[in-house]
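Throughout, read-outs are computed from the coordinates displayed, never taken from laboratory work. This structure is a prediction, so every number in the text was calculated from the model and none was measured. Virtual Cβ from ideal backbone geometry, glycine too; neighbours counted across all protein chains shown.
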Amino acid sequence: GREASAFIGLTPKQHSSGGKVFMTGIDRAGGIKELRSALYQGALSYICRLPDEAKTAKQAWLIKLVQRAGIKRSCIALANKTVRTAWAMLRYENKYEQQLLLVI
């Protein structure tokens, strides 16, 4: 999943030396620019239409992330999660199933 996301350019660059790992920002020059742009725009559209109260686990995660990290970082995180989910669905031949939140 991470390799698919890194191929598109949605993961931070990693530099390692002497057992120490340094993670830098997202590299705009690497990956498939058109696909990364389309995923970012889709994530931005989804975030702009988020409800006030979450109905699924992904919406709850995303609402907390937007509050904590901001909209642009949340878009990249959602695009990354989308690619990893798509890779897992293709790899394990599963259908996407939403995890609904229990209302008590």
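Checking the cross-link pairs Lys13/Lys33; Lys33/Lys72; Lys33/Lys64; Lys58/Lys95 against a 18 Å limit on the alpha carbon distance flags Lys33/Lys64 as lying beyond it. Using only Cα atoms, find the angle between the long axis of helix 71-92 and the longest principal axis of the chain, and express it within 0 to 90 degrees, rounded to the nearest 10. With rounding to tens, the tilt is 90 degrees. For Thr56, the residues whose amide H sits under 5 Å from its own are Leu101, ignoring neighbours fewer than 5 places away on the same chain, with H placed 1.01 Å from N. Under the convention that each Lys and Arg Cβ holds +1 and each Asp and Glu Cβ holds -1, the size of the dipole of the range 2-92 around its Cα centre is about 140 debye. Computed from Cα positions, the angle between helix 57-69 and the longest principal axis of the chain comes to roughly 60 degrees. Report the one residue of Phe7, Leu100, Thr85 whose Cα lies farthest in the direction of the positive end of the charge dipole of the chain (charges on C-beta: Lys and Arg +1, Asp and Glu -1; origin at the Cα centre). The one lying farthest along the dipole's positive direction is Phe7. Just report the Cα centroid separation between the range 16-38 and the range 48-93, whole Å. The distance from the Cα centre of the range 16-38 to that of the range 48-93 comes to 19 Å.
Return the label of the correct value of Rg/Rh (Cα atoms, Kirkwood Rh), as calculated from the structure shown, out of (i) 1.01; (ii) 1.15; (iii) 0.96. Of the listed options (i) 1.01; (ii) 1.15; (iii) 0.96, (i) comes from this structure.
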